[in-house]
Amino acid sequence: MLKKTIVLASLTLLSSAAVHAEDLFDAEDAVKYRQSVYQIFSAQAGVIGGMIKGEIPFDAAEINKRATNIGKVAPMLGDTYFPATRDVKESKLKEAAWNNMADFQDKGKVFGKALGELITASSDPDFNIKSARKTAGALFKGCKGCHEDYRAK
Ligand code: HEC
């Protein structure tokens, strides 16, 4: 109970101080940071993809770990999407994302939901390659769905 109060108090403090990502990170660094988070996604997704394709021996615990890892770093992306990053040349984020921010965020939510479902499903003792194909397939659709509209080639 006491712990909860302390956490709540510190959260309130944070929001009243109103520290924004753009006060903390240089735009060019934020794009590198963003791309690094996506590289982490890619490394984890590569293992999951290898397993559902049968290239790596199937291991439910490993899929759960990889999906959980994505879930750990995904919230950091929030640090990196501030307007000054719009002008960074190295960024592949399409201008369309800024003009359709609600849709871009919806794509993130679809992805987040698929990720949550994969984390839950892969901790079930009945999780097998068939259920992995379905749940991980939905996750990969989430990656692709966003890239198609909002990531430049
Ligand atoms: C809601 C949108 C969205 C989702 C979901 C998403 N991405 Fe991306 N991804 C992007 C954008 C935008 C970029 C380009 C970022 C930039 O260069 O500023 C990107 C870039 C990347 C890159 C290139 C990073 C680099 O080094 O330049 C990889 C790899 C990647 N994503 C993998 C993934 C994987 C794997 C998933 C799913 C597990 C995923 N992404 C889900 C939007 C998304």
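A few remarks follow.
- Looking at Gly142, Gly137, Gly116, just one residue is out of contact with any helix residue (DSSP H, G or I) (no Cβ under 7 Å at 6 or more places or on another chain), closer than 13 Å to Ala74 by Cβ and surrounded by 13 or more Cβ atoms within 10 Å (Cβ to Cβ), and that residue is Gly116.
- Selection within region 66-86 - part of a helix (DSSP H, G or I), within 15 Å of Glu22 (Cβ to Cβ) and within 12 Å of the ligand (Cβ to nearest atom): Leu77, Gly78, Thr85, Arg86
- Output for region 124-153, where each listed residue is within 8 Å of the ligand (Cβ to nearest atom) and either under 14 Å from Ala67 (Cβ atoms) or not in a helix (DSSP H, G or I) (or both): Leu139, Phe140, Gly142, Cys143, Arg151, Ala152
- Per-region count, region 87-123, residues assigned to a helix (DSSP H, G or I) and touching a residue at least 40 places away in the same chain (Cβ under 8 Å): 10
- Among (1) modelled with pLDDT of 95 or more; (2) out of contact with any Gly (no Cβ under 9 Å at 6 or more places or on another chain), the one test that Ala17 misses: (1)
- Condition check for Glu55: within 12 Å of the ligand (Cβ to nearest atom) and not basic (Lys, Arg): no
The values are calculated or read from the model by the stated rules, or taken from the named source; none is laboratory data. In this text, all values refer to a predicted model and were calculated from it rather than measured experimentally. With ideal geometry, Cβ positions are generated from the backbone for all residues, glycine too; neighbour counts draw on all protein chains shown.
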